[in-house]
Each structure stands twice: as structure tokens, then as C-alpha cells.
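S.K.: Supplied in C-alpha cells, the structure appears directly below.
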Amino acid sequence: MTPTEDREALADASNPMGMEGIEYVEYRTARPQALGQVLELMGFRPLARHRSREVLLYRQGGMNVIINSHAAGSAASAPAGSGGHVTPLPEVPSIAAVALRVRDAAAAHARAIELGAWDVPVQVAPMELHIPAIHGVGSTRIYFVDRHREFSIYDVDFVPIPGVDQHPPAVAGLRWFGIVQYIGPERTNDWIEFYRTLFGFVELGEDRETGVLPNGRVLVSPDGSLQLQLIEPDPLADDGAERFQRVAFGADDVPAAAAALKARGVQFVETARLHVDTRGALTQSWLGGLMFELVHLPAA
């Protein structure tokens, strides 16, 4: 091989899915307006509506969040290409999907299926995009998106809200940091193997940066854009269901970011054990259990 081909082969070996970050996180809820108000407190702005479904796009900086309140009995996940899984809309907003940016969505999806991932059958309306997906934890989906540069998935499936800035700046430079995943008893090694085999995630050591709640095991994606914190909950304190529990935002200066969010009306957990500090912070809960986390993330 030429030196260029050799470098490309090594890059593919370390990042087999060609991951390039998170495209969006999707929440499902029966209370989209209430969730939208919370997102606006956190700095997100509503930008667009889906052409055919009860789905809204929110954004700040480089982060996109989807609110999906499409009625049960129809294609349930958003954006288009959702797979049409039908589950009741939850009262407490829950993370229903994570879309990963990859170099080639079709190739990434095919590789995942070849390695044993479960496919999500796709049902799309005419003129909507086909976005391939696999099953994630619980009833969640993991999507593969390769349209995120000159054109995006939102250019096709969403209608912009008139007069709204399509690129609102992030509060205090917030950006994606990671996701906390609750898993069942003695399931940690199974999930580590899932993310390692399919995506090339690597487990971090004890000196990892995990904010104010350092329990569990932490994995980092091969491109460094996403950390996953795997936690086996206390069976006496949790329902035991496996799920994506919350997202974490990275901040150069956590106390400064928390202060900016407090000025917007966000409240943080403040106890002797858990409080805002330079490592991280945890918001108080909304809507019966919705929380967000801040984690120190130095600027690149």
C-alpha cells in the first residue's frame, strides 16, 4: 500500500464506523410544549417542524435535539426514516434515539448488521429520507447519518420556522459530551462488548473525566466526540429498566456555564455531596425525571 492508503487503513481500523460525532438526540414525550420550555431554558431554540409528523427540531451551537410527539400507531421515530416502531408516548420525556454522524451511513449500517446488530425496518413517506438504524438499549434506536455538511437531513424533512435564526449560538459554548446509560445487573461487560465491537469504543481508566457522578464504567468513541457512562443502578432506587438516562454537555468552565444557565432559570442540585464545581454539575429534574449534566471539557 502507499503511505496514504496505509494511513487510511489504520484510521478505518481504529474508527470502523467512521464516526464523526452526534447529529441529534431525540426525545419522545406526550408533553412537547413542556419539554420545549425546558430546552429553551437550557439554551436551545425551536427551528423547524417536520413536514408530516408531530416533530420539532431544536438547536444551539452544534447540538440538535428532536422532540417527537407523533401519535402512536404511526411512524414513531424522527426524523424521516424512523422505522415506525409503535410505543405509547411517555409523560416523562425519554431519550428515544441517538443519531451518529458517520462517513457512509449505508456502509456503517451494513457493518453493524453483519456484526449482529438488530436492524430497524424503515418506513418512510414519499419524498422523505431513508435513515438507516439499529436497535439500541431498551426501545431506543441508533441512527446513521452522513448528510451533515453542505446538506443535512433537515433540508428535506423539515420546514424552517419563519424568521428564526437557524444557527443560534450555544450558551457558554456548550457542546455534546456524552450520555449516561442505565443497564441491568451484571450487564456491564455485555454493553462494553456491544459498543467496542460495533463502533470501536474504548474503555477509559480511573483517571477519566466523568463530572460529579463518577460511578460506573466509561467508554469513549474512537473519534473522541462521545463518552458513554454505563451504570448498573441500585435495584432499590431504580426500576431496573435499561435505557439512555440523560445527556451531558461539555463546558470549558463549568461554574461559568452553570451561572449562565442559572440566569436563564435553570436550577442545579446543591447538596453536601453533589453540587456545582469545576468538574461538573447536575440540573434539578423537570417533568418527573428529566435531567441534564454539565462536565468539564477543555477546548480543543
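The values are calculated or read from the model by the stated rules, or taken from the named source; none is laboratory data. Just so it is clear, the structure is predicted and the values come from calculations on it, not from any experiment. When we count neighbours, we look across all protein chains shown, and the Cβ atoms used for this are built from the backbone with ideal geometry, even at glycine.
S.K.: Of the residues Asp119, Asp157, Asp165, only one is crowded, with 21+ Cβ neighbours inside 10 Å, acidic (Asp, Glu) and in contact (Cβ under 8 Å) with a residue 12 or more places away in the chain; which?
M.R.: Details: Asp119 fails: crowded, with 21+ Cβ neighbours inside 10 Å; Asp165 fails: crowded, with 21+ Cβ neighbours inside 10 Å.
The conditions single out Asp157.
S.K.: Against the definition (more than 30 Å from Ala260 (Cα to Cα) and either assigned by TED's automatic domain parsing to the domain that holds Arg28 or of a type in the set (Ser, Thr, Tyr) (or both)), how does Asp190 come out, yes or no? So that I can check it myself, show each step before the final result.
M.R.: Details: more than 30 Å from Ala260 (Cα to Cα): yes; either assigned by TED's automatic domain parsing to the domain that holds Arg28 or of a type in the set (Ser, Thr, Tyr) (or both): no.
It is false that Asp190 is more than 30 Å from Ala260 (Cα to Cα) and either assigned by TED's automatic domain parsing to the domain that holds Arg28 or of a type in the set (Ser, Thr, Tyr) (or both).
S.K.: Assess whether Gly200 counts as being on the phi > 0 side of the Ramachandran plot, modelled with pLDDT of 95 or more and not assigned by TED's automatic domain parsing to the domain that holds Tyr143. Don't jump to the end; show me each part of the working.
M.R.: Values: on the phi > 0 side of the Ramachandran plot: yes; modelled with pLDDT of 95 or more: yes; not assigned by TED's automatic domain parsing to the domain that holds Tyr143: yes.
Yes; evaluated as a whole, the condition is true for this residue.
S.K.: For region 173-197, what are the residues that are at pLDDT 95 or above, on the phi > 0 side of the Ramachandran plot and of a type in the set (Asp, Glu)?
M.R.: Answer for region 173-197, where residues must be at pLDDT 95 or above, on the phi > 0 side of the Ramachandran plot and of a type in the set (Asp, Glu): there is none.
S.K.: Can I ask one more? Specify the residue that is modelled with the lowest pLDDT; the eligible residues are those in region 129-162 that are among the β-branched types (Val, Ile, Thr) and either closer than 20 Å to Arg45 by Cα or outside the structural domain of Arg53 (by TED's automatic domain parsing) (or both). Outline the logic, then answer.
M.R.: Keep residues of region 129-162 that are among the β-branched types (Val, Ile, Thr), which gives 131, 134, 137, 140, 142, 145, 153, 156, 159, 161.
Remaining after also requiring either closer than 20 Å to Arg45 by Cα or outside the structural domain of Arg53 (by TED's automatic domain parsing) (or both): 153, 156, 159, 161.
Numbers: Ile153: 90, Val156: 87, Val159: 95, Ile161: 97.
Here the residue is Val156.
S.K.: Also, quick follow-up: Which of the residues spanning region 256-300 are among the charged types (D, E, K, R) and closer than 21 Å to Val65 by Cβ? Full working, then the answer.
M.R.: Step one: of region 256-300, the residues among the charged types (D, E, K, R) are 262, 264, 270, 273, 277, 279, 293.
Across region 256-300, the qualifying residues are Lys262, Arg264, Glu293.
S.K.: Given the conditions (1) modelled with pLDDT under 95; (2) touching a Pro at 6+ places or on another chain (Cβ under 8 Å), and given that Val124 satisfies all but one, which numbered condition is not satisfied?
M.R.: (2)
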